[in-house]
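Structure first, then comments.
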Amino acid sequence: MRNDLTIYDRVADSWWSDDIRWVRTLKNLVPGRLAWFDRQIDWQGQDALDLGCAGGFMAEALAARGAHVTGIDPAEGAIAAARAHARAHGLRIGYDVGVGEALP
């Protein structure tokens, strides 16, 4: 059974606001996740795919480290929020609506 992915679209307008507890928790997980990866990888100039990127927390963190990032997520509203936030902060991240199962 699939998760209810519509929850990401329902909160897309507030994705970056810190107003929604579970979304804020997702954002707060990024530094911990990257703490390990940063010791293993020099992100500068690397291509990175953020599959299931939602509103772009991890994608933006990777782009800030110099990676060339593509984010893919099935939630159109979340992708729109990610695009808008990245654009507002001068980050060049390619975002596309899609699912991992459809990748070649």
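Read-outs throughout are calculated quantities, based only on the coordinates presented, and are distinct from any laboratory measurement. From a predicted model like this one, the values you see are computed outputs, not experimental measurements. Cβ coordinates were reconstructed from backbone atoms using ideal geometry, including for glycine residues, and neighbour counts include every protein chain displayed.
Could you work out how far helix 21-40 tilts from the main Cα principal axis of the chain, as a 0 to 90 degree angle to the nearest 10? The angle comes out at about 20 degrees.
Counting Lys and Arg as +1 and Asp and Glu as -1, what is the net charge of the other residues whose Cβ lies under 13 Å from the Cβ of A102? Each step should come with its number before you reach the end.
Numbers: positive: none; negative: D73, D96, E101.
Once positives and negatives cancel, what remains is -3.
3J(HN,Hα) along segment 88-98, derived from phi through the Karplus expression 6.51 cos²θ - 1.76 cosθ + 1.60 where θ = phi - 60°, amounts to 5, 9, x, 9, 9, 10, x, 10, 9, 7, x Hz, with x in place of Gly and Pro. Extension gain, A102 to R87: 0.36 nm times the residue separation minus the Cα-Cα distance gives 2.8 nm.
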